[in-house]
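Shown next, in structure tokens, is the structure this report addresses.
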């Protein structure tokens, strides 16, 4: 295998750092780039709530029936304000919490945020695989991103050979 040939194995495709720099791989595709990532908090929706309130103040006297437009903007502002949940639990805390309710040692795991309900409450969906090689069990645990509690029973299953 030559130096410029990427290595492919069970772990995936690996490109050495020097080669990645030489051929200018995009940062989003370069596995050598590591940094902290923080999911943006849904509470930033409160900014748009203030914008809608400002629009209501401007629109109400500007139109003949501006009060109807103003009420619409106030309703949008209220909706944004009510759905602006704080993201108190990050993905690492969610994975740690989820690991406490499964009955196998964790190997690979990942967490993704999703939103549920009419107020779009954030929840972490944590997928975990057993530490066996290859993994023989997997599980899905849903963690409330505001309170950190486990929502529902975890889904656990054996992985067929």
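Rule-based calculations on the coordinates, nothing more; no lab input. Predicted model, so just to flag it, every value in this text is computed and none were measured. Heads up, the Cβs are rebuilt from the backbone with ideal geometry, glycines too, and the neighbour counts pull from every protein chain shown.
Here segment 102-130 and segment 37-79 have alpha carbon centers that stand 32 Å from each other. The protection proxy used here, the mean number of other Cβ atoms lying within 10 Å of each residue, ranks peptides 75-84, 136-145, 111-120, 151-160 as follows, highest first: 136-145, 75-84, 111-120, 151-160.
A Förster radius of 45 Å combined with the Cβ-Cβ distance from residue 16 to residue 54 puts the calculated FRET efficiency at roughly 0.30. Calculated from the alpha-carbon coordinates, segment 42-82 shows an Rg and a Dmax of 10.3, 35 Å respectively.
Placing pseudo-labels 7 Å out from each Cα toward the beta carbon at residue 151 and residue 46 gives an inter-label distance of 2.2 nm. Return a whole-number percent for the relative contact order of segment 42-82, with Cα pairs under 8 Å and 6 or more residues apart as the contact set. Rounded, it is 49 percent for segment 42-82.
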